[in-house]
1. Positive end of the charge dipole of the chain (Lys, Arg +1 and Asp, Glu -1 on Cβ, about the Cα centre): tell me which of GLY420, SER410, ALA530 has its Cα farthest that way.
2. Which length gain, in nm to one decimal place, applies between ASP554 and ASP114 when the Cα-Cα distance is subtracted from 0.36 nm times their residue separation?
3. What number in nm² do you get for region 414-567 if you take the convex hull of its Cα atoms and divide its surface by four?
4. Simple spin-label model, 7 Å along Cα-to-Cβ: LYS34 to LYS79 in nm?
5. What value, in deg cm²/dmol to 500, does the helix sum -39500 (n - 2.57) over DSSP H runs of n ≥ 4 give at 222 nm once divided by the residues of the chain?
6. Give the cross-link partners of LYS424 among the aspartates and glutamates, using a straight C-alpha distance below 13 Å as the criterion and excluding same-chain residues fewer than 8 apart.
7. Once a ≥ b ≥ c are taken as the square roots of the eigenvalues of the Cα gyration tensor of region 530-608, is the result rounded (a/c under 1.5), prolate (a/b larger than b/c) or oblate (a/b not larger than b/c)?
8. Rounded to the nearest Å, what's the spacing between the alpha carbon centres of region 392-437 and region 625-642? Just the number, please.
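The values are calculated or read from the model by the stated rules, or taken from the named source; none is laboratory data. All figures in this text were calculated on a predicted structure; none of them were measured in a lab. Don't worry about glycine lacking a Cβ; one is built from the backbone with ideal geometry, like all the others, and counts go over all protein chains shown. Just so you know, the surface numbers come from the protein's heavy atoms only, side chains and all, with ligands and any DNA or RNA stripped out. Shrake-Rupley method; radii C 1.70, N 1.55, O 1.52, S 1.80 Å.
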Amino acid sequence: MSSRNLAAQAEIGVAALAGRLELGIEKAADALLKQQREDGHWAFELEADATIPAEYVLLKHFLDEIDTATEAKIVRYLKNIQGAHGGWPLYHGGAFNISASVKAYYALKICGEDIDAPHMKRAREAILGFGGAVKSNVFTLIQLALFGQIPWRGVPKMPVEIMHLPRWFPFHLDKVSYWSRTVIVPLLVLMSKQPKARNPKRVDVRELFLVPPEQVTNWYNMDRKGPWAVFFRVVDRILQRVDGLFPKSVRQKAVDKAVAWTIERLNGEDGLGAIYPAMANSVMMFDVLGFDKNDPNFVIAKQSIEKLMVVKDDEAYCQPCLSPVWDTGLTAHALLEVGGEAAARVTAATDWLKDRQILDVVGDWAVKAPGVRPGGWAFQYNNAHYPDVDDTAVVVMAMDRLDHARYKESIDRAVEWIFGLQSKNGGWGAFDADNEYYYLNHIPFADHGALLDPPTADVSARCLSMLAQLGYKIDHPKVTAAVDYLLREQEADGAWFGRWGTNYIYGTWSVLCALNAIGLPPDHPAMRKAVAFLISKQRADGGWGESGDSYWADKPRGEGPESTPSQTAWGVLGLMAAGEVDSPAVARGMAYLTDTQKADGTWDEQEYTAVGFPRVFYLRYHGYKAFFPIWAMARYRNLKQGNAQHVMYGM
């Protein structure tokens with residue numbers, strides 16, 4: 001075929017794709033707008049693994065407040081997500097996880113499932129084959145201790161007297177992440193009281209142990225080595241022996257401090273830290289301390305948990321938290337890209353967001369940023385003590401793009417706050433500045449390895465994107481520091497690590513958007529290496545898909561079992577930010593999105609494409625498949641129609 005015929009055929013293909021994109025954008029926008037709430041915001045389901053619904057069931061049995069109708073639906077949910085390996089994974093299609101499996105098995109048994117039923121037998125065999133429940137992580141062991149299934153010596157010692165420690169001490173609550181703080185404080189009370197669940201049906205799981213729990217001599221499951229690991233193990237052994245020797249008056253004062261700390265941050269019906277583990281611990285703490293069931297703090301703490309429930313006709317599960325600010329901010333960006341009538345609906349959303357800016361609460365972040373005025377947004381409906389820079393940057397960019405003058409006051413306060421939260425290395429953590437006390441990840445309690453909130457490339461990129469979109473230049477000292485940080489963080493293969501999304505595709509998209517926005521040219525070596533990485537990871541079907549496996553060092557980066565709509569959107573958005581609008585890879589990505597779009601304008605996505613804690617806790621945002629693909633499709637259409645190569649916005 002002649003070159004002229006090939007060119008003509010390519011033009012026909014581009015024209016056909018453009019037509020399909022236009023129709024797909026229209027359908028996707030219609031589907032998205034139908035989900036907008038009356039007050040202007042969006043809130044999609046946020047799903048984790050089996051642990052949260054299992055813990056919800058166990059909490060109800062701890063309190064003896066059993067709802068059999070809801071339990072039956074949770075049982076169906078847990079059975080539906082059981083893996084082919086017999087246990088439960090951390091994400092769809094993932095490998096067996098001992099901790100998730102032990103909790104799910106216990107929840108099913110306590111709900112009345114026959115342990116000789118095929119699904120229970122398969123789960124039990126998988127758990128025992130892994131070494132039994134003794135191999136569970138610390139939080140699962142604590143759950144077992146609360147139900148009297150293991151002795152409390154099986155749990156690393158965390159004395160409640162921690163509440164008395166000065167800030168200069170090697171371990172202090174201000175030195176760990178916000179999520180660790182809110183989980184730990186009420187848990188300290190529980191660990192000091194060592195209560196036993198009511199467990200009205202007296203259900204045990206002794207069959208999950210190869211050696212009777214009371215005979216186990218080593219409960220230490222951490223794989224960390226080195227002097228810090230040895231030091232903290234010795235400290236733990238000492239604390240195990242001297243715990244009962246602390247003066248009762250000192251202990252009671254520490255308990256009182258923990259209760260006061262919790263109540264100050266209780267956060268109404270949105271709960272302590274607005275995350276399930278902290279909420280559940282606060283409920284158990286109030287119960288163990290004998291709070292009256294009608295006590296307002298106890299009542300509201302319970303209500304916060306019920307607010308997380310997703311109850312459908314046939315199944316139910318408990319969400320780890322709610323994500324309305326994140327969902328609304330990102331949806332606003334997608335619809336602004338679509339334009340027209342869809343964009344007109346964004347004003348109601350940004351007005352809703354404006355009302356949720358935190359302007360009057362000086363949160364825990366102020367310890368590292370004294371004198372900085374509050375001005376951020378939280379991830380959830382309300383979480384005033386714990387705004388995060390990622391949500392804040394996303395919201396500000398949407399407001400700026402829609403109508404800077406309308407939201408100028410909000411934008412200025414947010415920028416002031418984000419500048420104040422920048423870490424010394426030029427990057428940003430999600431909730432705190434300079435939260436880099438890495439030695440604390442060696443304490444036996446921290447076997448999940450997620451005790452801290454250090455700066456990361458994806459969050460830092462979002463902050464830089466915001467500053468660039470607002471007109472800050474690369475010669476601004478704080479911007480220069482951010483750019484230098486991101487360039488240092490680029491991996492040898494050209495990718496950037498994605499802390500809060502899965503994984504290198506997410507991180508690389510985030511940073512390419514930021515570098516483009518701040519003015520790095522497409523031919524910059526960092527941009528070229530990143531483009532090469534993304535193109536090398538495109539799958540045969542034109543999409544991108546990366547598994548949660550990629551957080552393990554020995555697993556492939558940027559790869560997974562199948563393409564996903566959200567990760568494909570990140571792939572093409574990243575390439576377009578790097579000037580690759582006319583790349584065949586982008587066109588193939590667009591074809592994948594149009595090919596997989598359903599008749600109603602939506603996409604299917606079972607995979608988990610976000611992260612709570614890498615290697616420990618993964619998330620499935622049901623909104624990602626709704627707003628990221630349409631965002632990418634609309635941007636491609638706009639750039640092609642405008643014959644442009646440069647993305648004009650921060651993300």
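1. GLY420
2. 154.5 nm
3. 10.1
4. Label-label distance for LYS34 and LYS79, simple model: 3.1 nm.
5. -15500 deg cm²/dmol
6. The reachable aspartates and glutamates, counting only those whose Cα sits under 13 Å from LYS424, are ASP432, ASP434, GLU436, ASP484.
7. Oblate is the answer for region 530-608, as a/c is 1.5 or above yet b/c matches or exceeds a/b.
8. Distance between centres, Cα-based: 25 Å.
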